[in-house]
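Notes for the one structure printed next.
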Amino acid sequence: MKPADQFRLLELSERYADQKLSAEEVSALETELRESTEARAFFAKALHQRAELCFDDSWHSQPVAEAKPAAQRMWWRHAITAAAAACVTFGFVWLQNGRDGSVATLIRAQQCQWAGSSLPTVEGARLKPGMLDLIEGLAVLRFDSGAELVLEAPATVEVLDAMNCKLRRGTLVAEVPPQAKGFSIDTKDAKVIDWGTKFGVSADDDGKYMVRVLEGLVEVEDKNATGSKKLEKGQGIDRGWSKSQLHPTSDETPEPSRWQPATVIDSGDGWQAITTAFGRGKDSYIQSGSKPTPDFGKHPFARVKWTTGKPELNRKAYLAFDLSQFAGRQIEDAELVLTIEPSELGFASFVPDSTFAVYGVTNESADAWEENGLSWQQAPAHDPAQAALNQPVGSQVKLLGRFEIAQGINRGVRKLRGKDLADFLSADTNQIVTLIVCRETDETADSGLVHAFATKENGSRSAPVLRVKTR
């Protein structure tokens, strides 16, 4: 802290103890102390020093006749009262930390997996300042100030104190009650200050961030710009976050080419496997709206979403598998394997456990679609004008089965196996089949999660796999 700031706070502490601050000055001081750990520590030390200077041990040993004047004794009582009042008004942040230094509680851990955390990760654990690294699931933190954060994996959060934390990467949703106004979330390039509201924040270690206000009011300070911006319900700021997630890049070394094999794999026991990278295979997705989407086939993820709140954000995935290697053989069993990937678009907190349906397109003339030519206006078994935007045209498809993804799950695989899938493949006559993946579960609030599955363009995860067992 600069000497000028120390002198200013010292003067404010003296005037506060003397009850000479105006209501506006008290309000400004409260805000500063809530937002700055350094300022709180200095202010408390200043009050403590004043109380010690005011105290005189000789009062206890002097004769009554030589005791300090009553005015001095009253002044001392006033100083002690002022210091106590300051602790009540401004000291709640450090008093709430508890005798062991804890500042928050992990009140819920739903299907969580952790990595590299310096704090305990058992549900109900008290948390001191430190790091939490969530790689799977949802975790809810309740700070002693009353603020609650829902961490959505993958997310790394540093707990600082009862009124402050830092989002190093990932997504969280914050709900801040009136008593915790001023709670702040720091990112690499921004600071979000809450004024009693509910909002979501996404950020990455490269500085990109997004803020979305669901209720109330927040203030966003961009560290690369002057001033701050206040956002109300429905408003948001996106500084490159969404774009970076739509076109992600990875510094990781790609997995071997077995992830996207262009050949048939012998899986043993009569099973063979192909991916959408084999032969005429392909994968892509469509998104509702009038804008053309010529490059979705190049994306490393096929995105799926269902929302009644914002119809322009619905998405369906399209997969095609080349069955030429199985021509002339009876297919007696089959299994579809999809790899879940974190899209980091939208908030998982607003989407419950979700059900997905997989359909097979029965009109074989529609199998000639192009990966980068699909659109909401032009796609197999799709009518952009129909009421159920998350469903294909019923007369042109066959339901092959359903699978579920629990809330907060963003990695792993989901499999669909059964007679309906095997029969659909057996009935094919043009040696290529098209499958459509749709989400049947709506979001509970705007900006809900977009689910994603790895495509053959993904450099590190498996493309969609079709396992087939023939006679």
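The values are calculated or read from the model by the stated rules, or taken from the named source; none is laboratory data. As the structure is a prediction and not an experimental result, all values here were calculated from the model. Cβ: placed from backbone, ideal geometry, glycine included. Neighbour counts: every protein chain shown.
Residue-wise test of (1) buried (at least 16 other Cβ atoms within 10 Å of the Cβ); (2) of a type in the set (Phe, Trp, Tyr); (3) at pLDDT 95 or above.
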residue: LYS415; (1), (2), (3): no, no, yes
residue: GLY418; (1), (2), (3): no, no, no
residue: LEU425; (1), (2), (3): yes, no, yes
residue: THR434; (1), (2), (3): yes, no, yes
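Go over the candidates ALA86, ALA109 one by one and state the one that is assigned to a strand (DSSP E or B) and either touching a Ser or Thr at 6+ places or on another chain (Cβ under 9 Å) or at pLDDT 55 or above (or both).
ALA109
Can you tell me which residues in segment 436-471 are buried (at least 22 other Cβ atoms within 10 Å of the Cβ) and more than 26 Å from the chain's Cα centre (by Cα)?
ILE436, VAL465, LEU466, VAL468
Listed residues ASP205, ASP238, ASP194, ASP189; which is out of contact with any Phe, Trp or Tyr (no Cβ under 9 Å at 6 or more places or on another chain) and not assigned by TED's automatic domain parsing to the domain that holds ALA28?
Just a single option satisfies the conditions, and that option is ASP205.
Give the number of residues within segment 198-238 that are on the phi > 0 side of the Ramachandran plot and touching a Gly at 6+ places or on another chain (Cβ under 7 Å).
Total meeting the criteria: 1.
One residue is enough: does segment 269-287 have a residue meeting the conditions in the same structural domain as GLY459 (by TED's automatic domain parsing), farther than 22 Å from ALA327 by Cα and at pLDDT below 85?
No, segment 269-287 contains no residue that is in the same structural domain as GLY459 (by TED's automatic domain parsing), farther than 22 Å from ALA327 by Cα and at pLDDT below 85.
Suppose we keep only residues that are more than 30 Å from the chain's Cα centre (by Cα) and charged (D, E, K, R) within segment 317-376. Which one would you say is modelled with the lowest pLDDT?
Taking the candidates together, the pick is ARG329.
So which residues in segment 317-356 are in contact with a strand residue (DSSP E or B) (Cβ under 9 Å, 6 or more places away or on another chain), hydrophobic (A, V, I, L, M, F, W, C) and more than 15 Å from ASP283 (Cβ to Cβ), if there are any at all?
Within segment 317-356, LEU323, PHE326, ILE331, ALA334, LEU345, PHE347, ALA348, PHE350, VAL351, PHE356 meet the criteria.
Just give me the residues in segment 159-181 being acidic (Asp, Glu) and either outside the structural domain of GLY146 (by TED's automatic domain parsing) or out of contact with any strand residue (DSSP E or B) (no Cβ under 8 Å at 6 or more places or on another chain) (or both), in sequence order.
Matches in segment 159-181: ASP161 only.
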